[in-house]
């Protein structure tokens, strides 16, 4: 035994009741749970008064690029997360041919709010194929464990070239993509991810490549999972690819399907719960992903991602950033855009507030509806005018979805849903939900008492591991990897968001620190002690391949 964690209140990730126990670790694995008498030379750490849980698992991140320049995977590693899954929504950076590197970066800029300058400065491009990318990740000094899915968008671009955003794939091209997914699974991919979402507009404002795929293409490529007998299918839904198709895919492939995301506010109250019920009724193993935080973004009109699906805004996204102010200033464009944007956001104007502005500091904290009423103007006109006054640098806080606390509480209690959608690594200058784990424990357990501590830990650990077939993680159980987090349940939670400029090329992002997370171990090695990161700790590993 190398390490003994003594006197903790153990919440083991199964959902079972907490109990007092010691946990012994040797060779990166849990070797004892219960009263233990450690042999001489064992390091003993007193964690009495703290909850000891399995390390948290974040199934929905976009760290595909960041992992190559920030193997510490901040801020997730501050919040008790020990394993992340990348490649969600069908996006990623492999496979990628050299001639498409810039196009991939531009796609991630528009669809995931990533800085092109940071991507160009931070990605080393020592790889082309997906197996080569996995090897590049594995070679990093990882602080956390990382599992990767292969994404449909880079895959399609790799096979179809520049026509990936223009047309359906041929039979031969589909078979090539299917073979590449089989190759990725053999190399250790956790699954295959795709998107048909109308909000996913990529380089030049065009639909991301996966949106051009017909249902037959998705089904045939995903067939590689069925043949391999392993892997999860992750889907962001859109026209022609929703609940009925998810259920059929799961039954046909005999694989889990998880879809992103089930949020409140998508229609009338109760619709989210009804969708969870319908998903379950259709059969198969299909998991809607839910989020535990309001979906709030700080956006600028230079990067108006939430409006991407509103037709006139496509003209904005099709222009280089330095030309977008010209479009906003065009009265004819404004006349076309105002009714469409007004319809799309008619229920949101009162939830949009001025967050940051150098030109109008007196308006910070005020809603657009208040300002518009004072000026006798339309809220969208006010938004555009304020942005133009500020060189499009004005930031607006936009409450998009998931802000019905009662319906969200129902979803959090619904064991037919899986907790996800932190989006960590994406929209870095617009939001930071990488702190979802500490928010769940602080807000929904301690403050709202919607979940018990045991239920919340199960959501963050055992359940996520089950859905993604992470066979030896997510539980405090003998033989499992010693991914562990010790926290104070009376204190745990996220600190307020702060803006920092620490990405490659000096790009900015929002981060949140954690409180109450006292210690974290990854594969038996501490990465955080006394609430502070351990300098140089890199015990993480590439998690290759899901269980059957």
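What is the gain in length, in nm to one decimal, between residue 393 and residue 166 on full extension, counting 0.36 nm per residue of separation less the C-alpha to C-alpha distance? Display every interim value, and only then the final one.
Numbers: separation 227, 0.36 × 227 = 81.72 nm, distance 3.26 nm.
Full extension of this stretch gives 78.5 nm more.
Could you give P(r) for the stretch 143-267, binned at 10 Å from zero, as whole percent values over all Cα-Cα pairs?
13, 46, 34, 8, 0
Cα convex hull of the stretch 377-476: mean projected area in nm², to one decimal? Mind showing how you got there, number by number?
Numbers: hull surface 35.9 nm².
Here the figure is 9.0 nm², rounded to one decimal.
Sticking to Cα atoms, compute the Rg of the stretch 394-548 to one decimal and its Dmax as the biggest Cα-Cα distance, whole number, in Å.
Answer for the stretch 394-548, Rg first and Dmax second: 16.8, 53 Å.
What percent of all Cα-Cα pairs in the stretch 207-257 falls into each 5 Å bin, going from 0 up to the bin containing the maximum distance?
All Cα pairs considered, the percentages come to 4, 20, 35, 25, 13, 3, 0.
So, R0 is 45 Å and r is the distance between the beta-carbons of residue 48 and residue 414; what FRET efficiency does that work out to, to 0.05?
Details: r = 34 Å, r/R0 = 0.77.
Result of the calculation: an efficiency of 0.85.
Rounding to the nearest 10 and keeping the result within 0 to 90°, find how far the Cα-based axis of helix 379-389 lies from the longest principal axis of the chain.
90 degrees
Spin-label point model (7 Å from Cα, Cβ direction): what's the residue 515 to residue 538 distance in nm?
3.4 nm
With a 10 Å Cβ neighbour count serving as the proxy for reagent exposure, in which order, fewest first, do 243, 142 appear? Provide the component values of the computation, followed by the final result.
Details: 243 18, 142 23.
In order of increasing Cβ crowding within 10 Å: 243, 142.
Can you pull the one-decimal nm distance between simple spin-label points at residue 69 and residue 278, each 7 Å off the Cα toward Cβ?
4.2 nm
Expressed as a rounded percentage, what relative contact order does the chain have, with Cα pairs under 8 Å and six or more residues apart?
Worked out over the chain, it gives 22 percent.
Would you list the P(r) distribution for the chain, with all Cα-Cα distances sorted into 20 Å bins from 0 and each bin expressed as a whole %?
22, 56, 21, 1
Shape verdict for the stretch 36-89, please, from the Cα gyration tensor: rounded (a/c under 1.5), prolate (a/b greater than b/c) or oblate.
Values: a/c = 3.16, a/b = 2.41, b/c = 1.31.
Taking the square roots of the gyration eigenvalues as a ≥ b ≥ c, the stretch 36-89 is prolate.
With a cut-off of 8 Å between alpha carbons and a minimum separation of six or more residues, what is the relative contact order of the stretch 179-330 in percent? Write down the numbers at each step before the final one.
Working: 209 pairs, mean separation 36.6, N = 152.
Once divided by the residue count of the stretch 179-330, the mean separation gives 24 percent.
What does the helix-only formula give at 222 nm for the chain: each DSSP H stretch with n ≥ 4 adding -39500 (n - 2.57), the total divided by the residues, and the result rounded to the nearest 500 deg cm²/dmol?
Values: 17 runs with 160 residues, N = 548.
Theoretical 222 nm ellipticity from helices: -8500 deg cm²/dmol.
Round to the nearest 0.05 the FRET efficiency obtained for residue 216 and residue 344 when R0 = 25 Å and r is the Cβ-Cβ distance. Please report the intermediate quantities before stating the final value.
Numbers: r = 31 Å, r/R0 = 1.25.
It comes out at approximately 0.20.
Please determine, in degrees from 0 to 90 and to the nearest 10, the orientation of helix 215-228 with respect to the longest principal axis defined by the Cα atoms of the chain, where the helix direction is its Cα long axis.
So the helix axis and the longest Cα principal axis differ by about 10 degrees.
May I ask you to sort 68, 441, 401, 5 by Cβ crowding, counting other Cβ atoms within 10 Å and putting the fewest first? If you can, show how the numbers build up before the last one.
Values: 68 22, 441 31, 401 18, 5 27.
Result, fewest neighbours first: 401, 68, 5, 441.
Over the Cα atoms, compute the radius of gyration (one decimal) and Dmax (the largest Cα-Cα distance, rounded to a whole number) for the stretch 282-397, in Å.
Radius of gyration, then largest Cα-Cα span, for the stretch 282-397: 15.9, 55 Å.
Under 8 Å for C-alpha pairs, at least 6 residues apart: give me the relative contact order for the stretch 345-471, rounded to a whole percent.
Values: 108 pairs, mean separation 24.0, N = 127.
Relative contact order, the stretch 345-471: 19 percent.
Taking only the C-alpha atoms, wrap a convex hull around the stretch 1-108 and report its volume per residue in Å³ as a whole number. It would help to have the intermediate numbers written out before the result.
Details: hull volume 15.4 nm³, N = 108.
That works out to 142 Å³ per residue.
Run the simple label-point estimate for residue 311 and residue 502 please: 7 Å along Cα→C-beta, distance reported in nm.
For residue 311 paired with residue 502, the spin-label model returns 4.5 nm.
Return 100, 360 ranked ascending by Cβ neighbour count within 10 Å, so the fewest neighbours appear first.
Working: 100 19, 360 15.
Ascending Cβ contact count within 10 Å gives the list 360, 100.
Values in this text are rule-based calculations from the coordinates and carry no lab data. Predicted model only: the values in this text are computed from it and were never measured. Cβ atoms come from the backbone with ideal geometry, glycine included; neighbour counts cover every protein chain shown.
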